[in-house]
């Protein structure tokens, strides 16, 4: 990891009888995109607001560039304007009575920056987000994507050490959200920005992040690079929150060739599981077989080590087809190529690669 610019230790916070955060800790490297991901109420926005100084923690410590900005033990708690962090909110928080340039200039005026310096810095910030031509327009008259760029320029104008983003794209439509995701990533890479990004959208987290802290009930379930969380989940919550997972009940029949063979409980046949990151349980143990739908291959002519099934219905999605396949008593959603849309009602074999299967307690 690059040199840490943010170090957080033991953050805890309660709202009445509800424990919002429990001993949260992590470090963030300079120039890193670090995402707090999780469902509503998991504590991700509370963590971000405590880092920003908008909420007070009951315990813990926060260091920015080697300097303590919050410590419950030492009674240090710098106000938000002293923390040199920019923040972009979900609602944009654009001042409706100001022009675009005036909105971007506002943080500089609060900090007592001179007029000439304000003009130069506002022009640079608007150029970064491609809004120079909109400087004199009334901010509320811009599109949603443009208003989000204004909020981003306003957060960048005083050159903060860390940029905090709280669900910044959630109010945009799907296509604009995808466009802004690319623009934000390009801007972050070009400027070497350090981002702490809060979202409940797993696709945003997977595509933007260098590392993800997946949170649940005020704790971090797993922290690491996106691919590591997706391909090697540490808990069932991580496995099921990131992407989709097919699960099949079974029992370990035997340990063989460094792997395991599992007899399925509600589907005909058995599956071979190769050795992976997770240890295999003993023979006779009840387990759940788990595999990502995109790892399963649909074979019309049969396949080795496969499960016989019938495609009940299909959903055409353009770049792929989602197939609902009945295998014994199980109904499984499998991702197939676009041409699989013509397989409705056909008997098929589902081929599950042994190396893509993981076993979980049941």
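Short version: what are the Cα gyration tensor semi-axes of the chain, square root of 5 times each eigenvalue, largest first, in whole Å? Before the final figure, lay out the partial values.
Details: eigenvalues 440, 136, 46 Å².
Equivalent ellipsoid of the chain: 47, 26, 15 Å, largest first.
Within 10 Å of each residue's Cβ, count the other Cβ atoms and sort 208, 176 from fewest upward. The partial results should precede the final answer.
On the way: 208 22, 176 15.
So the ranking, lowest neighbour count to highest, is 176, 208.
How do the peptides 12-19, 131-138, 196-203, 57-64 rank, highest first, by the average count of neighbouring beta carbon atoms within 10 Å per residue? If you can, show how the numbers build up before the last one.
Details: 12-19: 12.1, 131-138: 14.9, 196-203: 20.8, 57-64: 19.0.
So the order, starting with the most tightly packed, is 196-203, 57-64, 131-138, 12-19.
Enter the per residue convex hull volume of segment 220-271, computed from alpha-carbon coordinates, in Å³ rounded to the nearest integer. Could the numbers behind the result be given before it?
Details: hull volume 5.7 nm³, N = 52.
So the per-residue Cα hull volume is 109 Å³.
For segment 246-361, what log10 I(q)/I(0) values come out of the Debye formula at q = 0.18, 0.19 1/Å, with one point per alpha carbon and no solvent?
Reported log10 I(q)/I(0), two decimals: -0.85, -0.93.
Given R₀ = 22 Å, FRET efficiency for residue 240-residue 9 by Cβ-Cβ distance, to 0.05? Before the final figure, lay out each step's value.
Numbers: r = 29 Å, r/R0 = 1.34.
According to the calculation, E is roughly 0.15.
Just grab the label-to-label distance for residue 141 and residue 114, each label 7 Å out from Cα along the Cβ direction, in nm (one decimal).
3.3
Cα centroid distance between segment 322-362 and segment 226-250, in Å?
17
Quick one: check the C-alpha center-to-center distance for segment 136-180 versus segment 31-108, whole angstrom.
When both Cα centres are located, 16 Å separates them.
Go through 337-346, 316-325 and give me the packing order, highest mean Cβ count within 10 Å leading. Don't skip to the end; give the middle numbers.
On the way: 337-346: 13.6, 316-325: 16.0.
Highest mean packing first, the order is 316-325, 337-346.
If each residue of separation counts as 0.36 nm, what is the full-extension length gain between residue 106 and residue 256 once their alpha-carbon separation is subtracted?
On the way: separation 150, 0.36 × 150 = 54.00 nm, distance 6.73 nm.
Fully extending the segment from residue 106 to residue 256 adds 47.3 nm.
For labels at residue 55 and residue 320 in the simple 7 Å Cα→Cβ model, what's the distance in nm?
3.4
Could you tell me what % of all Cα pairs in segment 48-137 have separations over 17 Å?
On the way: 2374 of 4005 pairs.
Taking all Cα-Cα pairs of segment 48-137, the fraction more than 17 Å apart is 59 percent.
Given contacts defined as C-alpha pairs under 8 Å and at least six residues apart, what's the relative contact order of the chain, whole-number percent? Could the numbers behind the result be given before it?
On the way: 769 pairs, mean separation 51.9, N = 362.
Averaging sequence separation for qualifying contacts and normalising by length gives 14 percent for the chain.
Every read-out reported here was derived from the displayed coordinates using simple, explicitly stated rules and does not represent laboratory data. Just so we're clear, the structure is a prediction, and the values are computed from it rather than from any experiment. Please note: Cβ atoms are built from the backbone with ideal geometry, for glycine as well, and neighbour counts cover all protein chains shown.
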